[in-house]
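Read-outs: derived from the displayed coordinates by stated rules, not from any lab. In this text the structure is predicted, and so the values were computed from the model without any measurement. Here Cβ is always computed from backbone atoms with ideal geometry, including for glycine, and neighbour counts include all displayed protein chains.
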Amino acid sequence: MPKVPIFIVAYNAESTVEKFRAIPPPYPEAIGKNILSRMLLAIHRAMNSMLPSMFAYQFLVVARPLPTVRQLLDTAITRSKNRAEQLAAPADGEKIIEAKTAEEVTSDELPLLFLAATFPERIPDE
């Protein structure tokens, strides 16, 4: 089986191919463990590296499924909840600035609000 259709099958199955290896025939099991089987195995491995679709006995494909829409949604919801909890609780030494509408903001508070929005770590103490 050529290499390209394996990747197409993996793509259609919504997975990614992590490892693709051409496996040579099991010469040591077929003719015994001797110099001839080791030599044939070495030759076959070299040929597999050049033309795996022609010389491979089998292919080893390790594929990982892509996350489903449901998994992505669950992850996004969980991370959003965690982030909201982090933002809701002030860290040590932080002050909470109350939200105001544009009509409620006075002209002397504008520079402070601009600094707070631009540089939250530089909010001056009152």
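Key figures
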| item | result |
| --- | --- |
| Residues with amide H under 5 Å from that of ALA63, placed H, sequence gap 5 or more | GLU18 |
| Cβ-based net charge around ALA10, under 10 Å, with every Lys or Arg adding one and every Asp or Glu removing one | -1 |
| Three-way shape label, region 1-84, alpha-carbon gyration tensor, a/c 1.5 | prolate |
| For SER15, residues with placed amide H under 5 Å, excluding near neighbours | LEU66 |
